[in-house]
Structures are given as C-alpha cells and as structure tokens.
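These notes concern the structure reproduced below.
The numbers here are math on the coordinates, done by the rules we state, and not lab data. On a predicted model such as this, the values are computed, not experimentally measured, just so you know. Cβ atoms come from the backbone with ideal geometry, glycine included; neighbour counts cover every protein chain shown.
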C-alpha cells in the first residue's frame, strides 16, 4: 500500500514539474527572445523535441 501511494505522489510531482516547465517554455517561446536550445537549458523537464512540438502548437494558434 505504501509503495502505491509513493508512486502516485511521485507521478503527481513529475506531472506538476512538466506542467510548470511547459507553461514557462510557452511564455519564453512567445516572447521570441531565446532560441529553443537556450530555453531547453532553462526548463530541464522538457527536451528540445518537446519544445519544437510546443512551438509548432503555438504557431498553429497564431
């Protein structure tokens, strides 16, 4: 039972970190002042591929 709760807590923490880094990355991409490589250095949870996908999503919405 403890292992299940610990796994759930860890997954929730990973999800929260991903969502926070994604929101930060979206703001940085919209500002247009940094390259995706520079943003990847600032948001450790997201890969360069993740950032490229986010950038593509933002461009579709524009």
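Side notes on the structure shown:
- Odd one out for residue 34 among (1) touching a residue at least 12 places away in the same chain (Cβ under 8 Å); (2) outside any helix (DSSP H, G or I): (1)
- Any hit, the stretch 49-58, residues being under 8 Å from the mean Cα position of the chain (by Cα), in a loop (DSSP other than H, G, I, E, B), surrounded by 15 or more Cβ atoms within 10 Å (Cβ to Cβ) and free of Cβ contacts under 8 Å to residues at least 60 places away in the same chain: no
- Of note, residue 46 satisfies the criterion of being at negative phi, surrounded by 10 or more Cβ atoms within 10 Å (Cβ to Cβ) and outside any helix (DSSP H, G or I).
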